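Notes follow once the structure below has been shown.
Nothing in this text is a laboratory measurement; each read-out follows from the coordinates by a stated rule. Quick caveat: nothing in here was measured; it's all calculated off a predicted structure. Glycine gets a Cβ as well: all are built from the backbone with ideal geometry, and neighbour counts include every protein chain shown.
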Amino acid sequence: MAKYFPFLLILIILAGCAVNKVSQEDVLSQPNEQSAIYFSFAEAALQQKDFVAAIELYQKADQADSTNIFIKEKLLEIMTLVSLFQPEYQDEIITLGEEYYTRKLYSEKILSILAETHKIQQNYKRAKKFFKLAIKQKPTARNQIAYYLFQKEHDPPADKKLLHNALEFPWKDKKLLLTIAELIGEFDAEKSLDILEKAYERWDDEVSFTPLLTTYEKVGKADKVLALLQQRLDEKKPVSVPLTTYLIGRYFTLKNYDKVIENKDICFQIGTNDILRFLFFAAFQKKDYELAVRTGEAIEQSQDLSEELKGSFYSYLVEIYIATEEDDKVVESLIKCGNIHIIRNLMLDYNYKDDKKLQVRFKTILDSFLVKTETKEMGAYLLAIFHTNLEEKETALEYLSRIPDEFLAENELLFEAAALYLQNGMNIEKARTLLEKLEDSELTSSEIIAGLLFRTQDDSIAYEMLKQEINRNPKPHITTFIRYSLLAEQYGKIDSLVVYLEKGIEIYPDNADLLNTLGYLIAKYGLEDKYDLSEKLLTKALELEPENAMIWDSMAWLHFKKGFLKKALKAMKIPLKSKIEHSEIAYHLGEIFLKLDKREQAEKYLKQAIELANDDDAVEISRKILEKYFKE
């Protein structure tokens, strides 16, 4: 609120700070008839919002009756209002105000206006004087706050007693009291909260209610916010749309879906897209599908559904209609969704492969979608995925053949479609054609295909493709070398594995993964003539990634293979610092501790390797060692 204090100060000063000594009726009934006439014309000009004319007429009234303080107040008050937009009036306010003060023709309001205008003109010494004089003449709550705000900005530290003094006055002005509460809240949150609670109890309206909610939030009493808002709604008291939306949104965030649904009538009454979405998703989560459909229809009718939310919204409707077995509406919602990625993901969430009834329903739904949608390519693509998941390869390929490459490219489906061609018929050439249309790919089409086949029943094809890529490509991707090394090890091609990894390191000399892979494999397979190379590679890898537990494990295993057991255990310092999550590391620790004759630790880590079960070789060797050395 601080940046609004200067404007607030003006409003405080101009809001009837003092009881005028002379009323308008007094002015008009006094003997000075000319002053009364000018005053009446000034008031008329003011009613017409002709402020310049009003000022001129008030000045003439002041000249005609130079001792009338009420006229002087009115003149300075209007000048102050106009000066907010025409700062040139500030000098005239100062000139007239100082003259009135010298002539002792002033009131508390005139002193306050003078104080504020001096403050605006950065004459803080004079401003301070007139603020104090105004309080001395009449220590109203408004004057106390005005002086506190001045001190806070220009003469710190502000005297907190001023605010407490202001609180002693009768609580008649709601906005003034809320201002005091906010200012006190800057240094005493509990006192501020107490004031706001009493203010709300007194006035019981949204003006006093809103700052109370804000303060509850600040002091971490969000539950009080929800309780008060809900209470006002239950009691049919006015609550603004933003506050009601906040309440429903908070219930939703807290997953209190029952409370959202409990307020459904209010949600429909407000009818904004935000609040209806909270109700829609709450009903969905609670499987109140009848309410969800009703809310969904209201959202559609609001015509306020953004394009970015439309796909997600209709996908939920699809799920609802699948649950309620309204398949015609499923098709309608799929068409309205129109987002092939969302629909594809939705289909994959259902296990229709093992559910014959659901399988038949999905086939009927997708066939109907294909007939009714204008985007036939989308329908064909969804059916291709459906039949792929059912391992009906010929049918899947038939639907894939209907889809132009341009559609796949426009919808960013080239990669996925290539995978479908491989999965349904190992059509490598078609997959390559699609993948070569990818833009900004770091991998060649062969590398991508090999990646798709990696660790599948067709990984022998991946092995040959990776090998060819390394032989003909001057700079294969790093992953190509890593995948090749894993497959070459799997097929026992250790000699060629070393040769190809050395080539990879020549191309990527600062890649820690390649350095570690070759360094470790040399140690793992006991290639003694290359132990020096292994240590060199692993040392460099650790310079690049000094906290990498896998690289330290490789170095430890190299030391172990060379017979340096203490160095091996020392190298395991980093892996031992964190939780062991790899069977291979646990197995290595078991072996090292066993050779050091620390059987308890050895048994612990060998068992851990088996429990982790994420490396078949490590698990098998660990089991054999336990059977051999740790039989009970």
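Calculate the radius of gyration of the Cα atoms of segment 542-617 to one decimal place, then report Dmax, the largest Cα-Cα distance, as a whole number, both in Å.
Reported Rg and Dmax, both Å: 11.6, 34.
With +1 assigned to the C-beta of every Lys and Arg and -1 to the C-beta of every Asp and Glu, and no other charges, what is the dipole magnitude of segment 510-571 about the Cα centre in debye, to the nearest 20? Before the final figure, lay out each step's value.
On the way: 9 positive and 10 negative charges, 76 e Å.
Rounded to the nearest 20 debye, it is 360 debye.
Among the GluC sites (Glu not before Pro) within segment 62-96, which fall in a DSSP loop and have no more than 13 other Cβ atoms within 10 Å of their own Cβ?
88
Helix 512-524 sits at what angle to the longest principal axis of the chain, using alpha carbons and giving 0 to 90 degrees rounded to 10?
Between helix and principal axis, roughly 30 degrees.
Once you have the Kirkwood Rh of the chain from its Cα pairs, apply Stokes-Einstein at 10 °C and 1.306 mPa s and quote D in µm²/s.
Calculated translational D: 47 µm²/s.
For segment 510-571, with equal point scatterers placed on the C-alpha atoms only and solvent neglected, what are the log10 I(q)/I(0) values from the Debye formula at q = 0.12, 0.25 1/Å, to two decimals?
Here log10 of I(q) over I(0) equals -0.22, -0.97.
Within segment 84-123, list the trypsin sites (Lys or Arg not before Pro) lying in a DSSP loop whose Cβ has at most 16 other Cβ atoms in a 10 Å radius.
Hits after loop and neighbour filter: 103, 104.
So what is the relative contact order of segment 510-571, in percent, for Cα pairs below 8 Å that sit 6 or more residues apart?
Value for segment 510-571: 34 percent.
How high is the relative contact order of the chain? Use alpha-carbon pairs under 8 Å, at least six apart in sequence, and give a whole percent. It would help to have the intermediate numbers written out before the result.
Numbers: 702 pairs, mean separation 23.6, N = 632.
RCO, the chain: 4 percent.
Which whole-number percent is the relative contact order of segment 129-260 (Cα, under 8 Å, 6+ apart)? Please report the intermediate quantities before stating the final value.
On the way: 98 pairs, mean separation 16.2, N = 132.
For segment 129-260, the relative contact order is 12 percent.
Take the alpha-carbon centre of segment 231-308, take the same for segment 541-569, and report the distance between them in whole Å.
Each part reduced to its Cα centre gives a spacing of 59 Å.
Taking K and R as +1 and D and E as -1, what net charge do the other residues with C-beta under 10 Å from the C-beta of residue 141 add up to?
Overall, the nearby charge balance is 0.
If you filter segment 526-593 for trypsin sites (Lys or Arg not before Pro), then keep DSSP loop positions with at most 16 other Cβ within 10 Å, what is left? Could the numbers behind the result be given before it?
Numbers: sites: 530, 536, 540, 561, 562, 566, 567, 570, 573, 577, 579; in loops: 562, 579.
Passing sites in segment 526-593 are 562, 579.
222 nm [θ] for the chain, helices only, -39500 (n - 2.57) per DSSP H run of 4+, per residue, to 500?
Mean residue ellipticity at 222 nm (helix-derived): -23000 deg cm²/dmol.
Using 7 Å Cα-to-Cβ label points, what is the residue 191/residue 494 separation (nm, one decimal)?
Label-label distance for residue 191 and residue 494, simple model: 8.2 nm.
Give me the base-10 log of I(q)/I(0) for segment 470-604 at each q in 0.15 Å⁻¹, Debye formula, one uniform scatterer per Cα, rounded to two decimals.
-0.71
Taking the inverse of the average 1/r across all pairs of different Cα atoms in segment 329-461, what Kirkwood radius in Å do you get?
Averaging 1/r across every pair of different Cα atoms and inverting gives 15.5 Å.
Which value in Å is the Kirkwood Rh of segment 280-397 over different Cα pairs?
Final number for the Kirkwood radius of segment 280-397 is 14.7 Å.
Percent of alpha carbon pairs in segment 317-381 separated by more than 18 Å?
Of all Cα-Cα distances in segment 317-381, 28 percent exceed 18 Å.
Round to a whole angstrom and tell me the spacing of the C-alpha centers of segment 408-481 and segment 174-215.
66
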